[in-house]
Amino acid sequence: MAELSPTQDGLVTKPVAIEGRSMIVLYGSETGNGEEIALELAEMAQRLHFQTVVDEMDSFKLTDLLRYSHAIFVTSTTGQGDMPKNTAKFWRNLRREKLNNTNCLGAVNFAIFGLGDSSYPKFNWAARKLRARLLQLGASEFFRPGEGDERHDDGIDSIYLPWYQELRVVLLANYPLPEPLQPLPDDIRLPPNCILRLVPPMDPTKSNGQSGHGDTTSDAEQKFLATKTAAAVLTHVDHPRSPAEQLIVEWDRIHGKDAFPTETARQDDVWETRNPRRFGSLDKDNIITDHPDKYLLQKSFDELWEFPPTNKWLDIKGSKIAEVVTNHRITPVTHWQDVRQITLAIELEDDEIRDFSCFYAGATVVIYPKNFPEDVQTLITMMGWEDVADYKINWSAITNRPKNLHLLHGGGGTLRDLLIHNIDFTAVPKRSFIKQLVHFTELPNERERLKELSDPHDAAEFYDYTSRPRRTILEVLRDFPGVKIPYQEIIGLFPLIRGREFSVAEGGELVQGDVDTGDGGTLVFSIIAALVEYKTVIRKPREGLCSRYLKWLAEDSSITVTLNLPGPSSPIQCDRFQTMRPLIAIATGTGIAPIKTLIEDRNHFPHPGQTILFFGCRNKDADFYFQDTWEKYKDNVKVIPAFSRDPIPEEDKKALGTAVLSGRLGRLVIPDSGDFRDTNFDAGKNYVQYQLRKHAHEIGDLLRKFPYPIFMVCGNAGRMPAAVRSALIDALVISKISDSKEAAAKWLDDKDQCTYWQETW
Ligand SMILES: Cc1cc2nc3c(=O)[nH]c(=O)nc-3n(C[C@H](O)[C@H](O)[C@H](O)COP(=O)(O)O)c2cc1C
């Protein structure tokens, strides 16, 4: 074995390589929570001197599992108890029939942590399925499985943190380090996962003028090279700029963009109004005093207040460029929430037309939000990245690039572009982010405070500072001015912006295209998005990254989107048989989107099944979305709204009042229904769960008349899904479809009896 002491490489320390001590951390994740946990576990393993690799499951071959002494799996559950998309290939391989009874994973030593939400009927099913299959193929478990629950007061952490700490103890105890080696303490820096090097516009040290990292010389560069005499460029200043700075200036001059103003032009009022920077104060001593905007690498003040650029598209496999046709508010301005209906249009090529000309129930569109240039400039200034902000990046400049990093189409853009399109610095920071900041400040009091905040033994401290007030990364960095993060490490350190998925609310209208002839055309569809704007406990107004982006998304602009159509196995897909099934749909708020698409798609068929739609919102006049639409389908769709903030109708007062009058505040008792009560938060409230119980007999009649129903529950996560399920169970008992709550719950979970589809967020 080599030296038993860690090697120091610059500021970072490498764990000691010990034969037979290695760890693979594999994750499956839809929205990044699982990935974050996988990265934290990988760091812990590295500190215990396991040679560690962390990757998403789909990037990994099954046979490679056998190369590692230990494996940790982390996976969330998505859809209806499904594995996340980035595990599909791995999971398919693992389930191959020919592996059965082979004990092929006999040498694999694993632990597994699942992320889920107990309001879903199939809680943590992905992790459970994966674990069962690994065991079936002979793998052994070196630590107990963990199941995080989003519904817990402290979210996933309430289960994860103790699991993490115990795992560390078990690993150290069962796989002790050889004397005298010790685990690497938290204040020692490990090598970063991912490094970014910028590509200077031109490398002046290369006599052939090639730009950095082997880019080919463009015509414009050739022109520059032909006229360039580096010495002459630098002779007219006493204190020359850095070579890189000077080259940028010259580059602009040769390109003749925005030909910079002469002395007279500078005194021109119009020009001055358009360029309000106080240029006198910005001129550097003894440097030619043309307009300084020309020489600064930052963009002009005017430009900084622009909205995020919409003409720069991300290079994402399978994505499309969509035109924003309309973006309008569908709630009255007097209503507390701004809800948008955004209509998008996508041009389809001739050969694509058939793929996209189908029904849209269950379809989603992913929109990739961007940061505002002014926030980006704030971060650049705070971190001292001004000199490099407008340098280019290409893929080869990034070692170990994460799978969900998408650079711009056609050339990658600059560091500033990366900050606008990829780096999620207005997110609430995770503990691992705060922990890393310790390495980037020299100030002892800042280091101390950051350690306190990221101490996993004191989760409350972290929550009070970050999660409760929804403090953003940018604000955290402002609180710790001593922190200076090297730009080289931003990709591995900051969270990356992820696309946000929206259900298609109105879809698949084909303009001009022809499915029969296959001629291309335009596909038009819309989404509805409730913008997240609120005041936090520290009384600061907050706006989600995506909400702010959507709010200002201009009509006629174009953006990158990915359209996900439901797979052929989706039970809510539309075909002759599926559309005849009865539908009991329960939606709250914007959860109406996927249900509306399903109802509309069903009505394209000759015999759509009967539907009862329970729709929960606040006010009839404010957020009863699409109320005019339902009139069209009144022959087969009955809509039962529940307006939680409108005066309670006379007919409901008695039932809802019973809870209060009977002294059982917080208990809901439906008259003549026996003893069907629900939780405290329902008390006296006209919520969908109340309406489900009230209309229990109607539900029962529908189920008796037509077999094999679909139940669809869409809307906010939180307490709604569990309350709705419990009300449905009550309705089945009240209407005597089932004779006990247990039987009703079993019936809802029985795929041969019905489909139970929950989509809550
Ligand atoms: C559309 C959707 C479907 C979900 N389905 C389930 C489910 O069936 N069972 C479950 O336990 N959790 C379910 N969840 C909860 C996620 O597993 C949980 O939010 C997790 O933290 C997500 O982790 P990720 O970001 O790594 O994907 C679902 C979440 C969403 C948004």
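Just list whichever of Lys129/Lys638; Lys61/Lys317; Lys14/Lys435; Lys320/Lys403 have alpha carbons separated by over 27 Å in the model shown.
Lys129/Lys638
Per-residue SASA remark: Asp730, around 0 Å² accessible (1.4 Å probe; ligands, DNA and RNA not included). Label zone of Lys14 (point 7 Å out along Cα→Cβ, amide N under 19 Å): in the range 43-60 this covers 43-54.
Scoring 319-327, 119-127 by mean Cβ neighbours within 10 Å over their residues and listing the highest first yields 119-127, 319-327. With both labels modelled 7 Å from their Cα along Cα-to-Cβ, the Asp387 to Glu452 distance reads 3.5 nm. Peptides 599-609, 68-78, 106-116 ranked from most to least packed, by the mean per-residue count of other Cβ atoms within 10 Å: 68-78, 106-116, 599-609. Kindly give Rg over Rh for the range 7-174, based on alpha-carbon atoms, with the Kirkwood expression for the hydrodynamic radius. The Rg/Rh ratio comes out at 0.97.
At a Förster distance of 41 Å, what's the computed FRET efficiency of Asp750 paired with Ala554, Cβ-Cβ distance as r, to 0.05? E(calc), rounded to 0.05, equals 0.25.
In plain terms, the chain from Gln80 to Ser644 could stretch by 200.2 nm, reckoned as 0.36 nm per residue minus the Cα-Cα distance.
The residues of the range 424-507 expose on average 41 square angstrom of accessible surface per residue, using a 1.4 Å probe on protein heavy atoms.
Using a 1.4 angstrom probe with every protein chain in place, what is the largest-first accessible-area order of Arg401, Arg618?
Arg401, Arg618
Taking the centroid of alpha carbons for each part, the range 556-597 and the range 88-164 are 29 Å apart. Within the accessible area of the range 88-206, the carbon and sulfur atoms contribute 49%, probe 1.4 Å, all protein chains present. Relative to one another, the C-alpha centroids of the range 374-413 and the range 40-86 are positioned 28 Å apart.
The residues of the range 1-120 expose, per residue, 43 Å² of accessible area to a 1.4 Å probe. Phi angles of the range 122-134 translate, via the Karplus equation with coefficients 6.51, -1.76, 1.60 and θ = phi - 60°, into HN-Hα couplings of 9, 5, 6, 5, 4, 5, 5, 5, 5, 4, 4, 5, 4 Hz per residue; Gly and Pro are given as x. On a C-alpha basis, how far is the centre of the range 486-514 from the centre of the range 341-355 in Å? Whole number, if you could? Taking the Cα centre of each part, the range 486-514 and the range 341-355 sit 16 Å apart.
Could you look at the range 392-508 and say what percent of its accessible area is carbon and sulfur, using a 1.4 Å probe and all protein chains? Percent of accessible area from carbon and sulfur atoms in the range 392-508: 48.
Taking trypsin sites (Lys or Arg not before Pro) across the range 701-761, the ones in a DSSP loop with at most 12 further Cβ atoms lying within 10 angstrom of their Cβ are Lys736, Lys751. Residues whose amide H comes within less than 5 Å of that of Tyr756, counting only those at least five positions distant or on another chain, are Phe711 (H built at 1.01 Å from N in the peptide plane).
Counting pairs of alpha carbon atoms under 8 Å apart in space and at least six apart in sequence, what relative contact order in percent does the range 7-174 give? The normalised contact order for the range 7-174 reaches 20 percent.
Shape of the range 81-127 from its Cα gyration tensor (a ≥ b ≥ c, root eigenvalues): rounded if a/c is under 1.5, otherwise prolate when a/b > b/c, or oblate? Here the range 81-127 falls in the prolate category. Using θ = phi - 60° in the Karplus curve 6.51 cos²θ - 1.76 cosθ + 1.60, the 3J(HN,Hα) couplings for the range 64-80 round to 5, 4, 6, 7, 10, 6, 9, 9, 10, 9, 10, 8, 8, 10, 10, x, 10 Hz; x is entered for Gly and Pro.
For the peptides 54-62, 522-530, what is the packing order when you average, over each peptide's residues, the other Cβ atoms within 10 Å and list the highest mean first? Walk me through the numbers before you get to the answer.
Working: 54-62: 17.7, 522-530: 21.1.
Top to bottom by mean Cβ count within 10 Å: 522-530, 54-62.
The values are calculated or read from the model by the stated rules, or taken from the named source; none is laboratory data. What you see is a predicted model, and the numbers here were worked out from it, not measured in a lab. Methodologically, a virtual Cβ is constructed for each residue, glycine included, from the backbone with ideal geometry; neighbour enumeration extends over all protein chains shown. Please note that ligands, DNA and RNA were not included when accessible areas were found on the heavy atoms of the full protein model with its side chains. Shrake-Rupley method; radii C 1.70, N 1.55, O 1.52, S 1.80 Å.
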